[in-house]
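Structure first, commentary second.
The values are calculated or read from the model by the stated rules, or taken from the named source; none is laboratory data. Bear in mind the structure is a predicted one, so any value in this text is a computation, not a measurement. Cβ atoms come from the backbone with ideal geometry, glycine included; neighbour counts cover every protein chain shown.
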Amino acid sequence: MKINTGSTQSLKWHNRIFILLLLIIVGLLAFLSTRYVYISDWTINGQNSLNPVSLKLLKTLHDTVEITSYTNKKAVKKSIQELITRYQRVKSDISLSFIDPNLNPEKTRELQLSIDGEMIISYQGRKEHLRELSEQMLTNSLYRLMRVKQRQIIFIEGHGERSPDKQANFDLSDFSRHLKKQGILIGTLNLAKTLHIPENTSVLVIAGPQANFLPAEVNLLLEYVKKGGNLLWLGDPLKIDKEDPMQGLLALSEHLGIEFLEGIIVDPSTLDYDIQNPDYAIVTDYPPHAINNDFSTLTLFPQATGIERLPAYLEETEKTEDKNSAEQVFTMTALLTTVERSWVETSALKKSVQFDEKEDIAGPITLAMLLTREFNGESLSSEGTSTIKKQQRIIVIGDGDFLSNTFLGNGGNLTLGLNIFNWLSYDEQFLEIPRQLRNDIILDISTSKLSLLGAFFLFVLPAILIISGSFIWLKRRHR
């Protein structure tokens, strides 16, 4: 092809038009990038995206959220901005502002700020301080601000129960700490001293008593239940050698229409999970219920017992239809059930146990019973007494170890426990926010493989480049 003056001018114009079109396209793309944002998270478990529970929470926040952080450090600002941006992608009316605490010392002292970067979150006139930067803590703060009514959980004490404050293996201090993170108030109550259950009790907890209740204490519990109070009863295997295996709570169990089975649940399926204890029970399947929504994780129950409905109580279910009556019967639902090949061992446990058709109780065994009834009760307010309709909620579980400091971290025990308390306190809309674990963050390479990689990049790869370059140079030279 011969190149003349005309073709040269044509090529110049083609180049100019190409450059002009390229600049126009780049400009359009830059303009569109300011109007539209597309973000894709390709990490294996969504490390750069919000958890589905956080997304669900943001959809229920109908007003603006204002977040103010007090810091002057660029690194802290960047970390906060990166986290808040994830929330702003979902809810655009979340505002974030930074204030230099050194320029506003009086405001800093007034707000009692304790750490650099501390955030104050405001929603519907309510405020909360956030001192730990994480999705877990921020979502929980928004969750607490969304709730208007404060929940209060009361644990009965004075009979050797599991304590929400103490650190022993069988106590519940770790679980109590997770409840407090959700804004739940935790308290204890000795009925023998107070002879009164507070009116603002959201859930009353009986956590494995070891000593007998006094008759007056039992009457207080019965009165609380008859008035529509919500209850969580964590039982343990009955001690048959004691004079009163029920610790004086037989009247309460009869009123609820349930009984604890004598013996300990034995579950051979635990061997499939390399658990050598025969007295551990596992639950893998959960019935449809608000407590079990999107929950399918295995839960572990050490030294548990079963629960059954009282036959006499079943006969009473058709007698009382009046929903205003304190004696209206409960609707019962099995919440947790063991596998079919499990059983209740009624004799002393040995290293090797076998099912005895004559003595033992065949599975599946109900491990937790859920009781509800529609109840027209009285509500006290500043305007006086009014009648309200609500659903009374009670859960009886044949084990308390699953929430103890020792076993709380097994499987889904923590999440199940939080779900139970949220449901009992009429707050089942949102449940536990699980932490995302990073996968494959450690690259484990042996010394020999590292040596091979080093040799490849230091010697082999440069040699290949030199040889290929020399070959191309020689080929072009001989044209």
Condition check: closer than 15 Å to Leu138 by Cα and modelled with pLDDT under 90. Does Lys107 satisfy that?
no
Within segment 196-243, residues being at pLDDT below 90 and within 21 Å of Ile265 (Cα to Cα) number 7
Exactly one of Asp63, Asp41, Asp116, Asp93 is more than 23 Å from Ser141 (Cα to Cα), of a type in the set (D, E, K, R) and either at pLDDT below 85 or surrounded by fewer than 16 Cβ atoms within 10 Å (Cβ to Cβ) (or both), and that residue is Asp41
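Please find, within segment 168-193, the residue that is surrounded by the most Cβ atoms within 10 Å (Cβ to Cβ) out of those that are at pLDDT below 90 and not hydrophobic (A, V, I, L, M, F, W, C).
Result: Gln182.
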I'd like to check something: does segment 138-150 contain any residue that is over 30 Å from Tyr224 (Cα atoms) and without any contact (Cβ under 8 Å) to a residue 40 or more places away in the chain?
yes
Answer residue from segment 294-312, given it is out of contact with any strand residue (DSSP E or B) (no Cβ under 8 Å at 6 or more places or on another chain) and surrounded by 12 or more Cβ atoms within 10 Å (Cβ to Cβ) and is modelled with the highest pLDDT among those:
Thr297
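Only one of Leu474, Leu458, Leu465 is modelled with pLDDT under 90 and more than 30 Å from Asp294 (Cβ to Cβ); which? Quick ask: steps written out before the conclusion?
Values: Leu458 fails: modelled with pLDDT under 90; Leu465 fails: modelled with pLDDT under 90.
None of the others qualify; the one that does is Leu474.
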Wholly within segment 179-262, which helices (runs of 4 or more DSSP H) include no fewer than the required count, namely at least 2 residues that are within 21 Å of Arg309 (Cβ to Cβ) and assigned by TED's automatic domain parsing to the domain that holds Ala368?
215-226, 250-256
Given the condition within 23 Å of the chain's Cα centre (by Cα), among the acidic types (Asp, Glu) and at pLDDT 85 or above, answer yes or no: does some residue in segment 369-383 qualify?
no
By residue number, the members of segment 280-293 that are part of a loop (DSSP other than H, G, I, E, B), surrounded by fewer than 18 Cβ atoms within 10 Å (Cβ to Cβ) and not polar (S, T, N, Q) are Asp285, Pro287, Pro288, His289
